[in-house]
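The values are calculated or read from the model by the stated rules, or taken from the named source; none is laboratory data. Being a predicted model, the structure only gives us computed values, none of them experimental. Here the Cβ positions follow ideal geometry from the backbone for every residue, glycine too, while neighbour counts run over all protein chains shown.
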Amino acid sequence: MLDIKDLHVAVDGKKILKGLTLSLGEGEVHAIMGPNGSGKSTLSYVLAGRAGYEVTQGSVTFRGQNLLELNTEARAAAGIFLAMQYPVEIPGVTTINFLRTALNAQLKARGEPEVDAVKFLKRFKEEREKLQMSDEMVKRAVNVGFSGGEKKRNEVLQMAMLRPRLAILDETDSGLDIDALKVVSTGVNALRAPDRSLLVITHYQRLLDYIVPDRVHVLAAGRIAKSGGPELARELEARGYDEIVKAA
Amino acid sequence: MAAVETTADVSHESALVALFAKVGASLPGASWLQPLRAEALNRVTREGLPHRRLEAWKYTDLRNKLAHGFDLASGKDVSDADVLDGLKGHRVRIVGGKVVGVPDDVPDGLEVISLAEALGMPSLWLRQWLQPTDEAVENLNLAFASDGVLVRVARGLAVKQPVIVRSTLSEAAMAHTRNVIVLEEGAELTLIELDDGAAPGQSFATTVTAISLEPGARLRHLRVTANEGASVVVRADTIEVGRDASYRGIVASSGAAVARQQASARLTAPGAAFARACAYAAGEGQHTDFTMRVTHEAPHTTSRIVSKGVAAGSGHGVVQGLVVVRSEAQKSDSHQLSRALLLTPHAEIDQKPELEIYADDVKCGHGASIGALDESQLFYLQQRGIPEAEARSMLVGAFLGEVTERLPEPYRAPVDAWLTARMTQVTAA
């Protein structure tokens, strides 16, 4: 599904990722943990294709394709979804209109027919209700006036509607209280599927109690410093990142 | 007589004098109008066509934008369906400066007639609207005005359907029209104007509209200036708002080489309110200008000016808003906000809000900002799969939508559709 080999990335000339190698299989859920500044968000942006993240070395292969050759929207159409740490407010564009435009753009890029409006609305209503979002919320402009928790729910709603092959969740737990965390995690777990992989980026172990990963990787100083099973997350929570960071 | 200093090159103005000598006598109007036309033209030649040394024309050199010499339009029409086609209303059609159609099924109390027709009647009340002023475009327009529309709404009448005036100029020529809109006490009207047409060469159109709102009258006004190609279009409105009367206008421009919409509003009695929202998209080779002057002459008067626009390529957007609060206009409340997006490095936006306040107990504010599209918003849309060009046009549309969302349906949809089509062209440049 996703193969990252010896990835080096610089931002404004500053080296952030320094030889990251990671392999994620079909249907797998991997967690990336690490202290602040270790390059977690850089990894998510470089996979999504944000401008300003310069790959100086290494390769990223996604479902047999050289991902780094594709522009941002082509990566989205290929099935990459980034649930952002700080979802952006877009005044004047309603969530429902935004999502329909996005979905149809992806379908068009893949050469599939546009979605039927009635079916879209029906599915949208189902997914919205699962995430306990009101009709009024999604008729508002994207993320405008949303609380931190509402913004994260909106990210999961978009993920549910767009049905990506690889979803990257960048600190989806930040700013969530325990109730919101449960709703969001339930939403994410419902999307686990044999043909969908998840890369869950988080600073804390708490989220991984709800979204249980197959593998846990520790990112430190721009590379994977340690990998293990779900138990690694609990170990980190108990002992902190210091030991691993020092070893890296 | 003292020597009058003029610009060294007087070819523009002498071409107008020559034209007036040729066609002046055939312009409509009772004998009383001819000397007023001559005097108006005299003022134009004395002061020259508007140029940048005049503060109100600081960013729009009309004189330089005009080729030497125009003939008056003959009135042929090659344009197709218009952008407001689907709207129902009392329709007036003006082609090449001549009224070719007025509605015949208007309700009692609503008068919609052509100026040329009215000038054939001994209508003394028209005189006050047809006087030379100190404003060059108004004078030029008076000298050559060939027609126009008079709308009068009788006391207390709320007209249900809008009056829709479409004015088309599709010739490389000039056309000047003059409108008079009078709402008597307590009357209500929605006035919709559409300017369109693309000439095979340069065209030049001016329209001067005098709007008089008597006590308690309410006018809702929508104007779309959608001319294309080498059109130079100037709109000059003079708006007088009486006691507890209100003017609410939404004006939009995109497509013409030069589109200027200027307004001079006077709030003459307590409770008078003026609001105008402007939207523009200036693409390659386009210049849009919104210049407004609002004078608070009485206490407890309100004014609001909002503008939102985008410029790309060599596009140039200008917004000037001057609010004057006279010493007797205590408790006046005024605000203006101008926001613009520069989409490409060579586009230009000039925003000039000005306040001249002579009273001491007033609430007046203004804000202005110019920026680029937000990169993080663009990334967000693209990450969801929306191609960059479409994402840009969505964001620009949302930005300008803050003006059109003030329009009720059924008016909003066609204006949005037009703006979206214009923006797609502008942002693709």
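General remarks:
- Selection count, segment A:35-66, where residues are among the hydrophobic types (A, V, I, L, M, F, W, C) and free of Cβ contacts under 8 Å to residues at least 60 places away in the same chain: 4
- Residue list for segment A:64-74, filter: among the hydrophobic types (A, V, I, L, M, F, W, C) and either in contact with a strand residue (DSSP E or B) (Cβ under 6 Å, 6 or more places away or on another chain) or at the interface with chain B (Cβ under 10 Å from one of its Cβ atoms) (or both): A:L67, A:L68, A:A74
- Residue check, A:Q65 in contact with an Asp or Glu (Cβ under 6 Å, 6 or more places away or on another chain) and polar (S, T, N, Q): no
- The set of residues in segment A:48-63 that are in a helix (DSSP H, G or I) and more than 8 Å from every other protein chain (Cβ to nearest Cβ) is empty.
- Checking A:D173 against (1) surrounded by 15 or more Cβ atoms within 10 Å (Cβ to Cβ); (2) more than 17 Å from A:K40 (Cα to Cα), the condition it does not meet: (2)
- Qualifying positions in segment B:29-58 - in contact with a Gly (Cβ under 9 Å, 6 or more places away or on another chain) and either among the acidic types (D, E) or modelled with pLDDT of 90 or more (or both): B:Q34, B:L36, B:R37, B:A38, B:L41
- Scope segment B:251-260; condition over 10 Å from the mean Cα position of the chain (by Cα) and assigned to a strand (DSSP E or B); matching residues: B:A256, B:A257, B:V258
- Selection from segment B:72-102 of residues that are assigned to a loop (DSSP other than H, G, I, E, B) and either aliphatic (A, V, I, L, M) or in contact with a helix residue (DSSP H, G or I) (Cβ under 7 Å, 6 or more places away or on another chain) (or both): B:A73, B:V78, B:A81, B:V83, B:L84, B:G86, B:L87, B:V102
- Segment A:160-183, residues that are closer than 25 Å to A:N104 by Cα and touching a Gly at 6+ places or on another chain (Cβ under 8 Å): A:A160, A:L162, A:P164, A:R165, A:L166
Each row is one residue, and each column tells you yes or no for (1) hydrophobic (A, V, I, L, M, F, W, C); (2) under 28 Å from the mean Cα position of the chain (by Cα).
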site: B:L341; (1), (2): yes, yes
site: B:T344; (1), (2): no, yes
site: B:A347; (1), (2): yes, yes
site: B:D350; (1), (2): no, yes
site: B:I357; (1), (2): yes, yes
site: B:D374; (1), (2): no, no
site: B:Y380; (1), (2): no, no
site: B:V396; (1), (2): yes, yes
site: B:F399; (1), (2): yes, yes
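- Leading residue by the ranking (modelled with the lowest pLDDT) among those in segment B:80-105 that are β-branched (V, I, T) and buried (at least 17 other Cβ atoms within 10 Å of the Cβ): B:V83
- Residue satisfying all of: in segment B:388-406; surrounded by 19 or more Cβ atoms within 10 Å (Cβ to Cβ) and facing another protein chain (nearest Cβ under 7 Å); nearest to B:R248 (Cα to Cα) among these: B:G401
- Total residues in segment A:75-119, condition within 9 Å of chain B (Cβ to nearest Cβ) and assigned to a loop (DSSP other than H, G, I, E, B): 5
A quick yes/no check of all residues on (1) over 14 Å from B:A329 (Cα atoms); (2) touching a residue at least 24 places away in the same chain (Cβ under 8 Å); (3) surrounded by fewer than 20 Cβ atoms within 10 Å (Cβ to Cβ); (4) within 19 Å of the chain's Cα centre (by Cα):
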site	(1), (2), (3), (4)
B:Q262	yes, yes, no, yes
B:A269	no, yes, yes, no
B:A272	no, yes, no, no
B:C278	yes, yes, no, yes
B:A281	yes, yes, no, yes
B:A298	no, yes, no, no
B:T301	no, yes, no, no
B:R304	yes, yes, yes, yes
B:S307	yes, yes, no, yes
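- Which numbered condition B:V325 fails, given (1) within 22 Å of B:V234 (Cα to Cα); (2) buried (at least 20 other Cβ atoms within 10 Å of the Cβ): (1)
- Odd one out for A:T21, checked against (1) in a helix (DSSP H, G or I); (2) surrounded by fewer than 21 Cβ atoms within 10 Å (Cβ to Cβ): (1)
- Some residue of segment A:148-168 being away from every other protein chain (no Cβ under 13 Å), acidic (D, E) and either over 21 Å from B:V396 (Cα atoms) or in contact with a strand residue (DSSP E or B) (Cβ under 7 Å, 6 or more places away or on another chain) (or both): yes
- Some residue of segment B:354-375 being without any contact (Cβ under 8 Å) to a residue 40 or more places away in the chain and within 9 Å of another protein chain (Cβ to nearest Cβ): yes
- Residues in segment B:385-409 that are aliphatic (A, V, I, L, M), at pLDDT 90 or above and farther than 26 Å from B:Q336 by Cα: 2 in all.
- Subset of segment B:170-180 (residues that are surrounded by 24 or more Cβ atoms within 10 Å (Cβ to Cβ) and within 22 Å of B:L213 (Cβ to Cβ)): B:T177, B:R178, B:N179
- For B:D77, the stated conditions do not hold, so it cannot be described as surrounded by 23 or more Cβ atoms within 10 Å (Cβ to Cβ) and either closer than 20 Å to B:S231 by Cβ or aromatic (F, W, Y) (or both).
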